[in-house]
Amino acid sequence: MWRAPTDAKLDGMTITSMKTAVELRAVSKIYGTGAGAVTALDAVDVAIAPASFTAIMGPSGSGKSTLLHCAAGLDRATSGDVVIDGVPIGGLSERSLTRLRRERVGFVFQAFNLIPALTAEQNVVLPQRLARRKPQPGAVRAMLAEVGLADRATHRPSELSGGQQQRVAIARALVSRPAVLFADEPTGALDTSASRDVLRLLRLAVDRHAQTVVMVTHDPYAAAHADRVILLKDGRIADHLSGPADAAEIAVRMTRLEQR
Amino acid sequence: MSLAWTMVRHRFAAFAGTFVAIALGVALIAGAGTLFASSQPQVSERYEHSPVLVHSPSVGKGSDGYDDYRAWTPSEARALAVRLEQVPGVRAAVPDPSFYIQRVINGRATGDAEAAKAQGHAWSSVALGGYRTIMGAAPEKAGEVALRGVAPGSRVEVLTARGPETWTVTATVDAPGFFVADDEAQARAGGVRVIGLTGNPQAAVVRSVAGADGLVFAGGERTKLEEESVSRIRWLGAQLIIAMVVLGVFVAVFVVASTCALGAAQRRREIGLLRAIGATPGQVVRLMYAETVVVAVLGGAVGVPLGALVAPLLAPPLVDAGLEPAGFAVTAQPLVLTAAFLTGMLVALAGVWTAAHRSSRVPALDALRDAAVERRAMTVPRWIIGLLTAAGGAALTIALPSIPAMQQTTAALGAAMLLLVAAALLAPVVIVPLVRVVTWPWRRAATGMLVREGTLTGVRRVASTAAPVLLTVGFATLLTGTIATIEQATRIDETAKIPAAMIAAPDGTPGLSEAAVTRQPGDAPLVSDVLLTVGGKTLSYQATGKQGLRGVELSKDLTGRPAQVEVGFADGSTVRLPVTGTHDGPAELVDLPRGVLRQHNPDALTESVLLDGPAVAAAGMKVLTVRQYVDARIGVEGRIIDLFLIVLITLTVGYTGLAVANTLLMATAGRRAEFRALRLAGGGTGDVLRVTTGEALLSVAVGTVLGGGVATAALAGMKRATEHELKQVVDLVVPWGQTLTVVLACAVIAVVAAGAPVLRRQQAT
Ligand SMILES: Nc1ncnc2c1ncn2[C@@H]1O[C@H](COP(=O)(O)OP(=O)(O)OP(=O)(O)O)[C@@H](O)[C@H]1O
Ligand SMILES: [Mg+2]
């Protein structure tokens, strides 16, 4: 099993002056207005260090997805600042934000990650094609080989299993070497063995390619792959674990959180 | 672009509606355009061997924008012909007078009545067409004629402006028309308008010799002298073609727009994903444009050959319907085909425009939302445009009585169109209450409940099915209703205006001959065009020769009435006549003493005789009651109008069918999950079909109620306007039959289109 570095600097929660991959400063997100308003995030501060694997957990409705969306520039925070790879996204136009996303951010969603009309390979190069960048020769195939799908390059999503589709999505997210990869319950729709493959790939990306990964999950076993676990409740950070945490410990913390 | 191609290939079903709409639209434009472009004025075959024609001078452009010409007197024409014969290269200069003549067979006038007005010619004009005499000798005196297909020595009965005559055929020629001795033709025609030159003269020299005495038309310019009866036929045909193309383009844009809107709604999640992984809004717009261009290219590739192939097949029916002249032939029109292809592209891009721009605003987060969650059916622009058109239509309707009478019916139609578009846009607002009311009795049955809830949650789907039905039912009801009501009103109005019980009317002829008229008791107005110089300006007027007048009577609408006017007649003479009074008609009519008009136009015919005693039978004349007379006059126009209506409504219904079918096919296909759930809950294919059928019928019902409602309201408004205009009560004619046919057609298409995917799925499993 992988051992977390004990360097305290990686605990970005306290040290924000160093370079971070993503940083949220007092970010709040309020859906709706007036009496029906829901505070999904309540002045959250988070800093994600480069080349780290962070898991975000919390009870349903605690704001995990909202946090991820705001951090990834998919959605705009109601207040507070989000900085991705050193760029504050608050003032960016929709166009510039899109550019930033395609150059520095990768995504893996729970499902519906791929364009049905395109083959696995075409899906993987799509972000680079949209950026009008020429993919490096062989890079796409190499990436597909890395996720174990070298022989499936010309298959369409409908011809792939759920786990294989997730792996294609990971390949797509990694191929452009983003500053950070966001995954929202990437294993939520998969069985145990497919989940394990996906988690192993994410871990590998961090270890081998120094990729920054932020993953939302419900599963303590999945979270145990991370260097650090952030626990949310009611839109606030309620707890966090860093260093080697095993699934049992995470489960205990989760239960405690839900009972509080 | 290659991404667009992949998308189109992968989900062609979603683009099928656009494809078919574009293919049909392009075919329509290509075919109609080919017909339009093929229908060019031709040099009359009578002038085939006359490379240069000299026409009598123009007096300037009339109010219709066309030149008005004066005629040469016979002596002027002769003098000019003598001068023209001096031009080098001219073999002969032949004055070409023409007059009214029809062959009478078994007591009935034969041939096309309008064309007969210029069927009589001078014998020497045979040379202008290069016709050959097959046998016999030239006609030399009155009562002799050369003719096609009749052997010399035969006697033929003819009808001329003078009356029935029996002539001897002296020669058989292969030329169309009746050829008589030159002096005889001149005497019957009055004046001359054309001198044809044979040989090989230079147009410039002819022009300098003719000077101000004549206009020179050489080579291709001669097409400008096309016979009026032929021009009129081609004009009618062009009207139909233009209406078809305009309507075709409009509905094609509509169908493409609704297809794209629905497709974009169904693809929301995919577009969200594209946005999330880095497609800018501009890239989304470009992708959708590119997809549409791909589909439009495919549609054009099918539509262009289709139109080009069908056009020649339509030529004979068009000629039969009197919309193209005899001998009309379709020629290849590559330019038109290119234009049709490009128009298809533009139509497609115009159609996808809103959908593309709306899609580009899809937030990336939509990639994470469950698809097919019904969005709000009413968007802000939809509200704004809907309310604006509604307000415009309502304002126009209210203002109707204060609009000049001439423009009232046009304004009423415009108002109705605005109201129909408004109803289509605002339909989602009324759909929910309307569906509640309509489905109330079935709310407890399982199918009823599903249909009810399905429609209530899928308002947008219902609206996009109901909208084309609404437009078609409204359009068809309105158009046929308006025309039927106006026809009815005109009939009543005209009948009331005629102060006699019985009328002697032309029977297969363009008018009554002098012989027929003199024997009838009653007023016999003679009709002819004259040139009138009023206030220094010479214009063409429609003159009526009336008994008992002593001078000219001008319209009372004409301001600055002079004491005397100069009248230019068909025989080329100009006479100064005193103005003795006014008439109530429009400004372009003038009344003259009948004797004067007859004296200067031996070829004029009488329109009809209002009988004040028993009629005497005559050739080319029949006696009608006022009612029959008015009906017959309306009937001639009515036949063409009905043809227009049928073509236009068929076109609209066709496209509606396409829109409805497409919406429902896409919607049913997009609701697989829902129907799977219904099956899991124990429903069979029958239940699914009952739901789709119920919903389809409901959508058609909603469209019918709204479209019919708007049309009826608009018809009532128009009825009021007509009553105001005619100052008498008008019956509202509602075309129930046509409306019902249109509704049934829509319903059948809707049910089939909604059910087909269900059945296909059933077969597949
Ligand atoms: N688009 C939205 N409009 C209104 N409220 C929303 C919206 N999205 C989320 N919320 C609300 O914000 C809160 C946080 O939602 P969020 O999706 O972030 O939760 P989550 O932690 O991801 O939950 P889960 O584990 O169930 O996915 C919830 O109360 C949710 O109802
Ligand atoms: Mg979530």
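The values are calculated or read from the model by the stated rules, or taken from the named source; none is laboratory data. Note that this is a predicted model, so its numbers are computed, not measured. Every residue, glycine among them, receives a Cβ derived from its backbone with ideal geometry; neighbour counts consider all protein chains shown.
Quick test for you: out of A:ALA183, A:ALA179, pick the one residue that is of a type in the set (Gly, Ala, Ser), more than 13 Å from chain B (Cβ to nearest Cβ) and touching a residue at least 40 places away in the same chain (Cβ under 8 Å).
Being of a type in the set (Gly, Ala, Ser), more than 13 Å from chain B (Cβ to nearest Cβ) and touching a residue at least 40 places away in the same chain (Cβ under 8 Å) holds for just one of A:ALA183, A:ALA179, which is A:ALA179.
Select from the stretch B:477-499 the residues that are more than 12 Å from B:THR722 (Cβ to Cβ) and among the acidic types (Asp, Glu) and list them in ascending order.
The answer is B:GLU494, and nothing else.
Hey, any hits in the stretch B:493-507 for a residue that's assigned to a helix (DSSP H, G or I) and crowded, with 19+ Cβ neighbours inside 10 Å?
Scanning the stretch B:493-507, I find no residue that is assigned to a helix (DSSP H, G or I) and crowded, with 19+ Cβ neighbours inside 10 Å, so the answer is no.
Checking B:ARG444 against (1) more than 42 Å from the chain's Cα centre (by Cα); (2) among the basic types (Lys, Arg); (3) in a helix (DSSP H, G or I), only one condition comes out false. Which one?
Failing condition for B:ARG444: (3).
Against the condition buried (at least 19 other Cβ atoms within 10 Å of the Cβ) and out of contact with any Leu (no Cβ under 6 Å at 6 or more places or on another chain), how does B:GLY282 come out, does it pass?
Criteria not met by B:GLY282.
Tell me which residues, restricted to the stretch A:157-189, are over 19 Å from A:GLY73 (Cα atoms) and within 16 Å of ligand 2 (Cβ to nearest atom).
Across the stretch A:157-189, the qualifying residues are A:THR187, A:GLY188, A:ALA189.
Out of the residues in the stretch A:16-62 meeting the condition of being over 15 Å from A:HIS240 (Cα atoms) and near ligand 1 (Cβ under 7 Å from one of its atoms), tell me which one is surrounded by the fewest Cβ atoms within 10 Å (Cβ to Cβ).
A:SER60
Which residues, taken from the stretch A:1-41, are within 24 Å of A:PRO178 (Cα to Cα) and modelled with pLDDT of 80 or more?
Scanning the stretch A:1-41 gives A:THR20, A:ALA21, A:VAL22, A:GLU23, A:LEU24, A:ARG25, A:VAL27.
Considering each residue of the stretch B:686-708, count those that are surrounded by fewer than 23 Cβ atoms within 10 Å (Cβ to Cβ), of a type outside the set (Lys, Arg) and in contact (Cβ under 8 Å) with a residue 24 or more places away in the chain, and give that number.
The qualifying residues number 8.
Are any residues in the stretch A:74-106 out of contact with any Pro (no Cβ under 9 Å at 6 or more places or on another chain) and within 16 Å of ligand 1 (Cβ to nearest atom), and if so, which ones?
Within the stretch A:74-106, A:ARG76, A:ALA77, A:THR78, A:SER79, A:GLY80 qualify.
Do we have B:SER56 as modelled with pLDDT of 90 or more, in contact with a helix residue (DSSP H, G or I) (Cβ under 9 Å, 6 or more places away or on another chain), within 26 Å of B:THR533 (Cα to Cα) and assigned by TED's automatic domain parsing to the domain that holds B:GLY130 here?
yes
Just the residues that are away from ligand 2 (no atom under 12 Å from the Cβ), out of contact with any Phe, Trp or Tyr (no Cβ under 8 Å at 6 or more places or on another chain), more than 20 Å from A:GLY106 (Cβ to Cβ) and not polar (S, T, N, Q), please, taken from the stretch A:36-87.
Within the stretch A:36-87, A:GLY36, A:LEU41, A:ASP42, A:ALA43, A:VAL44, A:ASP45, A:ALA77, A:GLY80, A:ASP81 meet the criteria.
Which one is modelled with the highest pLDDT, of the residues in the stretch B:212-233 that are buried (at least 20 other Cβ atoms within 10 Å of the Cβ) and part of a helix (DSSP H, G or I)?
That would be B:ARG222.
Pairs needed: first member in the stretch A:56-85, more than 22 Å from A:VAL229 (Cβ to Cβ) and in a loop (DSSP other than H, G, I, E, B); second member anywhere, hydroxyl-bearing (Ser, Thr, Tyr) and within 15 Å of ligand 1 (Cβ to nearest atom); C-beta distance under 7 Å; at least 6 residues apart or different chains.
Close Cβ pairs (under 7 Å, with a partner that is hydroxyl-bearing (Ser, Thr, Tyr) and within 15 Å of ligand 1 (Cβ to nearest atom)) amount to A:ALA77/A:SER28; A:THR78/A:SER28.
Regarding the stretch B:19-33, can at least one residue be identified that is within 14 Å of another protein chain (Cβ to nearest Cβ) and of a type outside the set (A, V, I, L, M)?
no
Being more than 10 Å from chain B (Cβ to nearest Cβ), crowded, with 24+ Cβ neighbours inside 10 Å, more than 16 Å from ligand 2 (Cβ to nearest atom) and not basic (Lys, Arg): is that true of A:VAL147 here?
yes
What residue, of B:VAL245, B:VAL253, B:VAL294, is closer than 30 Å to B:GLY322 by Cα and either in a helix (DSSP H, G or I) or within 14 Å of chain A (Cβ to nearest Cβ) (or both)?
Checking each option against the conditions leaves just B:VAL245.
Can you go through B:THR625, B:THR652 and tell me which one is surrounded by fewer than 17 Cβ atoms within 10 Å (Cβ to Cβ) and in contact (Cβ under 8 Å) with a residue 24 or more places away in the chain?
None of the other options fit; the residue is B:THR625.
How many residues are without any contact (Cβ under 8 Å) to a residue 40 or more places away in the chain, in a loop (DSSP other than H, G, I, E, B) and aliphatic (A, V, I, L, M) when one looks only at the stretch A:105-159?
Number of matching residues: 4.
Report those helices (runs of 4 or more DSSP H) wholly inside the stretch A:190-260 carrying at least 2 residues which are over 15 Å from A:VAL108 (Cβ atoms) and within 16 Å of ligand 1 (Cβ to nearest atom).
A:220-223, A:247-259
Do we find that A:ALA111 is closer than 29 Å to B:PHE15 by Cα and within 16 Å of ligand 2 (Cβ to nearest atom) in this structure?
Yes; evaluated as a whole, the condition is true for this residue.
Just to verify a result, which residue in the stretch A:91-115, among those that are more than 7 Å from chain B (Cβ to nearest Cβ) and over 20 Å from the mean Cα position of the chain (by Cα), is surrounded by the most Cβ atoms within 10 Å (Cβ to Cβ)?
Here the residue is A:LEU92.
Where residues in the stretch A:150-169 are more than 13 Å from every other protein chain (Cβ to nearest Cβ) and under 22 Å from A:ALA51 (Cα atoms), which of them is nearest to ligand 1 (Cβ to nearest atom)?
Per the criteria, the residue is A:GLN166.
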